[in-house]
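Visitor: Sharing a structure here in structure tokens format.
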Amino acid sequence: MERLDKILVSQGIGSRKEVHRIILSKRVRIDGVVITKPDYKIDSERCEITLDGQAVNVKKYIYIMLNKPAGYVSATEDNLNRTVMELVPKELYRKGLFPAGRLDKDTEGLMIITDDGDFAHKLTSPRNHVFKTYYAELDKTPNREDINSFEEGMVLEDGTALMPAKLAVLSDKKARVVIGEGKFHQVKKMFAARGIKVLYLKREKIGGLELDSDLPKGSCRELSKSDKDVIFIGK
Ligand code: URA
């Protein structure tokens, strides 16, 4: 059993103060009965909550796909930079959201934001090997030796041993990279180890989940259950 106000705040209906105002103005019903006490205790799995006659579909966690633009850091707070959290629209926002995994400030593309810590861990744990696919524009076209080196699993200058990765040349100075772990600046460091500079980087896929081609840069949408499942296909 949980307090009604707490449930509504957790679903992004508003701040605690706003939710209190909403409840006191008789806009919330539990199983058809108007409830005006913010601390009224309910079991959200067994009751139907409505706000202005519309069902409030209580979800324990939320999973959001963001098409990250350059210029935003993958953090919940930052003193100097704009964070990806600023791109989450009000209707999807709730307390406890954080980016599941990091993209560099200048990297674009698929990012997942959630409040489900176990899910985020499953996604980002190097031991879990959820493959991440990147599109890269480079200052040089990789050659056969570069491709082999990625495939063999390289050891970076600082001694970090990496899992084998797939490098495919798409056209002049353009490539696709698939990595099974997510070490800090990994893609850039792998290319740097081969004397190649990454000029543009975009994450296209996490596991089997592709960035929606019609999701504009800087926009978010909620993941469906099948989107979530497709991430871990083959795991
Ligand atoms: N590898 C990088 O170098 N940067 C990213 O943002 C993601 C992977």
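Visitor: Go through segment 85-110 and give me each residue that's over 19 Å from Val130 (Cα atoms) and among the aromatic types (Phe, Trp, Tyr).
Guide: Listed by number, the list holds a single entry, Tyr93.
Visitor: Something else: Can you tell me which residue within segment 35-51, out of those that are surrounded by 10 or more Cβ atoms within 10 Å (Cβ to Cβ), in a loop (DSSP other than H, G, I, E, B) and not β-branched (Val, Ile, Thr), is farthest from the chain's Cα centre (by Cα)?
Guide: Ranking the candidates gives Lys37 first.
Visitor: Here's another thing I want to ask about it. Does segment 84-92 contain any residue that is in contact with a strand residue (DSSP E or B) (Cβ under 9 Å, 6 or more places away or on another chain), touching a residue at least 12 places away in the same chain (Cβ under 8 Å), within 30 Å of Ile30 (Cα to Cα) and among the β-branched types (Val, Ile, Thr)?
Guide: Scanning segment 84-92 turns up at least one residue that is in contact with a strand residue (DSSP E or B) (Cβ under 9 Å, 6 or more places away or on another chain), touching a residue at least 12 places away in the same chain (Cβ under 8 Å), within 30 Å of Ile30 (Cα to Cα) and among the β-branched types (Val, Ile, Thr).
Visitor: Please tell me if Arg102 is over 18 Å from the mean Cα position of the chain (by Cα) and open to solvent by 20 Å² or more (accessible area, probe 1.4 Å).
Guide: Spelling it out, it is not the case that Arg102 is over 18 Å from the mean Cα position of the chain (by Cα) and open to solvent by 20 Å² or more (accessible area, probe 1.4 Å).
Visitor: Continuing with this model, one more query. So which of Glu137, Glu222, Glu210 is open to solvent by 20 Å² or more (accessible area, probe 1.4 Å), in contact (Cβ under 8 Å) with a residue 60 or more places away in the chain, of a type in the set (Asp, Glu) and within 16 Å of the ligand (Cβ to nearest atom)?
Guide: None of the other options fit; the residue is Glu137.
Visitor: Being more than 16 Å from the ligand (Cβ to nearest atom) and in a strand (DSSP E or B) is the filter here, so list the residues in segment 140-166 that pass it.
Guide: If the condition is that a residue be more than 16 Å from the ligand (Cβ to nearest atom) and in a strand (DSSP E or B), then Val155, Ala161 are the ones that fit.
Visitor: Now for a different question. Output the number of the condition that Phe131 fails; it satisfies all remaining conditions of (1) open to solvent by 70 Å² or more (accessible area, probe 1.4 Å); (2) touching a helix residue (DSSP H, G or I) at 6+ places or on another chain (Cβ under 7 Å).
Guide: (2)
Visitor: Taking only segment 68-96 into account, find how many residues are surrounded by 14 or more Cβ atoms within 10 Å (Cβ to Cβ) and at pLDDT below 95.
Guide: Of the residues in that region, 3 qualify.
Visitor: Oh, and also: Between residues in segment 103-124 that are farther than 23 Å from Lys197 by Cβ and more than 9 Å from the ligand (Cβ to nearest atom) and residues that are open to solvent by less than 20 Å² (accessible area, probe 1.4 Å) and in a helix (DSSP H, G or I), which pairs lie under 6 Å by C-beta distance while being six or more apart or on different chains?
Guide: Thr114/Ala120
Visitor: Just to verify a result, which residue in segment 140-165, among those that are open to solvent by 40 Å² or more (accessible area, probe 1.4 Å) and acidic (Asp, Glu), is modelled with the lowest pLDDT?
Guide: Top of the filtered list is Glu157.
Visitor: State which residue is modelled with the lowest pLDDT when the search covers only segment 167-204 and only residues that are within 13 Å of the ligand (Cβ to nearest atom) and part of a loop (DSSP other than H, G, I, E, B).
Guide: Across segment 167-204, the extreme among qualifying residues is Gly182.
Visitor: Is there any pair with a first residue in segment 185-200 that is under 15 Å from Arg144 (Cα atoms) and a second that is within 11 Å of the ligand (Cβ to nearest atom) and open to solvent by 10 Å² or more (accessible area, probe 1.4 Å) whose Cβ atoms are under 8 Å apart and which are 6 or more apart or on different chains, and what are they?
Guide: Phe191/Val198
The values are calculated or read from the model by the stated rules, or taken from the named source; none is laboratory data. Quantities reported herein were computed from a predicted structural model and do not represent experimental measurements. Every residue, glycine as well, gets a Cβ built from its backbone with ideal geometry; the counts of neighbours run over all protein chains shown. To get the accessible areas, we keep the full protein, side chains included, count just its heavy atoms, and leave off ligands, DNA and RNA. Shrake-Rupley method; radii C 1.70, N 1.55, O 1.52, S 1.80 Å.
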